[in-house]
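This report refers to the structure that appears directly beneath it.
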Amino acid sequence: MMQQIVERAKALVAGKMQVVETAEEWDLLLEEIRGIDEWVQMSRYYTPSEKLDFTWNETEEDVTFEQSVIPPAQINPVIEQRYAYTFVRELKDGSLREWPNSHISETEIRQWNLEHGMEIRVQVVHQDSRRTTLEVMAVVATDRMKPLSERIVFEKCIVKNHGIIESTVEGALKDETGKPFYYATPLEDMRFFHLKEGQLVDLVMWKGRPETLTIAWKYAFQYQEPTVQLLETSNDPTAPGPSSVEPTHESAVKKSGCYLKQMKRKSKVKQEQKTRRIREKKSRPLTPLVTTSVPGQPIDFLDKEPLDFAPFESMRLVIVGNEQQAPVYRTFFEKTGIELIHLSGDAQSAKKIASLAKKTDAIVVITSRVSHAASAHVIAQAKKHDIPFAMERLDGRRSLYTACQRQLEKARLNQLKTGKS
């Protein structure tokens, strides 16, 4: 069983060694090798061993059998002794680039303020088959030190009830994009760090990998919200100045109570009523109503005079807006022989005027039934192609037909001037 596990581990390491090209990939390879090593050690621990009975009489067969059963001694990798080693910052804790399976605790890192790429001197504290725990002796050089942008740190996060972390001392907990989030501490981390409500911790994660978010450090002190104490000031000039002896809590309460009583006894001075200034409404001139009637002419006279569209036969007219009355307008202009094109008042439909403008003779826009974007687009096309247009505010039939008649008359005059038919 163990032989199969070892062969599988060797195959995994050999396959991963073939894709290593940069220093960052080498760091990731070291982490994966440590994980494979832990898997092999745990498999060795949980694999059942065969129990064999041996007799006390040592014979040649027993000796040879014992020699065959004893596993070969584990060959530790030969570490080249160097004056200094390159420190590699990991998500939690750290290691040495030239020393496989090396480990430097988070306490040592924070005590020496180690950064990624520093040259340091170390000594061995504890060594076993899994890893070698090292202690920092000195920092030799910081020339190759560089900030590790892939590692994101959230400093001094406040632990709330049930291990919920949603804010830091400076404000809300936010990710790389500035979006607030919260972190629910797993139960094993709560037990490992002995977390309680009000303690401060540091959260770390790899950039772009929120699943790696974890607690890296717990501060020894707890967070207390800052309290603001207001100083009481007295307007009495005969009052004694502040004494060097701090008053007790009871005396402070008594003094504040006396001060409040004195304030209640003081008579309140009535404020003088200010004269209220009344603003007069500005007189604005009345804007005349936009209609199709001639100034000074009664509207009743317009209804009696019939409209004549006979001179405008075979001309094209475009009406924009008030699409509810489109069938009524279409029925009216069919009898006159005028080609009517009706567009709705939204901006999407008004864009069709760009393709119709070259062959259009007149345009009438019902301003009370169109959007601002649609009317602006229609006006721009009419001015571009020099087409007579009118902005009719009233949506009555008589006023609309009168506006159409006037714009068609303008278009006919333009054709006679230019000689186009």
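The values are calculated or read from the model by the stated rules, or taken from the named source; none is laboratory data. What you are looking at is a predicted structure, and each value in this text was computed from that prediction instead of being measured. Every residue, glycine among them, receives a Cβ derived from its backbone with ideal geometry; neighbour counts consider all protein chains shown. Ligands, DNA and RNA are excluded from the accessible area calculation, which covers all protein heavy atoms including side chains. Shrake-Rupley method; radii C 1.70, N 1.55, O 1.52, S 1.80 Å.
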Restricting the range 82-97 to residues that are hydroxyl-bearing (S, T, Y) and farther than 24 Å from T212 by Cα, the residue that is surrounded by the fewest Cβ atoms within 10 Å (Cβ to Cβ):
Y83
List every residue pair whose Cβ atoms sit under 9 Å apart, with the two residues 6 or more apart in sequence or on different chains, where the first one lies in the range 28-39 and is modelled with pLDDT of 80 or more and the second, anywhere, is among the β-branched types (V, I, T) and open to solvent by less than 30 Å² (accessible area, probe 1.4 Å).
L30/V88
Take Q381 and decide whether it is in a helix (DSSP H, G or I) and either closer than 18 Å to L307 by Cβ or modelled with pLDDT under 90 (or both).
no
Name the residue that is farthest from the chain's Cα centre (by Cα), counting only residues in the range 98-116 that are crowded, with 16+ Cβ neighbours inside 10 Å and over 24 Å from G35 (Cβ atoms).
W112
Provide a single number: the residues in the range 166-185 that are open to solvent by less than 60 Å² (accessible area, probe 1.4 Å), touching a residue at least 12 places away in the same chain (Cβ under 8 Å) and either farther than 13 Å from L203 by Cα or touching a His at 6+ places or on another chain (Cβ under 6 Å) (or both).
0
Residues being open to solvent by 80 Å² or more (accessible area, probe 1.4 Å) and out of contact with any Ser or Thr (no Cβ under 8 Å at 6 or more places or on another chain): count how many of those fall in the range 1-31.
12
Yes/no for H126 being open to solvent by 70 Å² or more (accessible area, probe 1.4 Å), over 30 Å from Q224 (Cα atoms) and free of Cβ contacts under 8 Å to residues at least 24 places away in the same chain:
yes
Selected residue (only one of P180, P147 is at pLDDT below 90 and out of contact with any Pro (no Cβ under 7 Å at 6 or more places or on another chain)):
P147
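Yes/no matrix, rows are residues, columns are (1) out of contact with any helix residue (DSSP H, G or I) (no Cβ under 6 Å at 6 or more places or on another chain); (2) within 27 Å of T418 (Cβ to Cβ); (3) in contact (Cβ under 8 Å) with a residue 24 or more places away in the chain:
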| site | (1), (2), (3) |
| --- | --- |
| F332 | yes, no, yes |
| E339 | yes, yes, yes |
| S349 | yes, no, yes |
| H372 | yes, no, no |
| A380 | yes, yes, no |
For L200: the one exception among (1) assigned to a strand (DSSP E or B); (2) more than 29 Å from the chain's Cα centre (by Cα)
(2)
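Residues checked against (1) under 35 Å from the mean Cα position of the chain (by Cα); (2) assigned to a helix (DSSP H, G or I); (3) of a type outside the set (F, W, Y):
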{"site": "G15", "(1), (2), (3)": "no, yes, yes"}
{"site": "E21", "(1), (2), (3)": "yes, no, yes"}
{"site": "L28", "(1), (2), (3)": "yes, yes, yes"}
{"site": "G35", "(1), (2), (3)": "yes, yes, yes"}
{"site": "Q41", "(1), (2), (3)": "no, yes, yes"}
From K179, K196, residue being of a type outside the set (S, T, Y) and closer than 15 Å to Y223 by Cβ
K196
Can you tell me which residue in the range 352-385 is nearest to M315 (Cα to Cα), limited to those that are surrounded by 15 or more Cβ atoms within 10 Å (Cβ to Cβ) and touching a His at 6+ places or on another chain (Cβ under 8 Å)?
T360
So M205 ticks every box in (1) in a strand (DSSP E or B); (2) within 23 Å of Q224 (Cα to Cα); (3) of a type in the set (A, V, I, L, M, F, W, C) but one. Which box is left unticked?
(2)
All strands (runs of 3 or more DSSP E) inside the range 132-173 with 1 or more residues being within 16 Å of R89 (Cβ to Cβ):
132-141, 151-159
Applying the selection to the range 396-421, what residues are assigned to a helix (DSSP H, G or I), open to solvent by 100 Å² or more (accessible area, probe 1.4 Å) and at pLDDT below 90?
R397, L416, K417
Sort out which residues of the range 322-351 are surrounded by 16 or more Cβ atoms within 10 Å (Cβ to Cβ), closer than 23 Å to A373 by Cβ and over 43 Å from the mean Cα position of the chain (by Cα), and write them in order of number.
N322, E323, Q325, Y329, I341, H342
Of all residues in the range 318-359, count the ones that are among the β-branched types (V, I, T) and assigned to a helix (DSSP H, G or I).
3
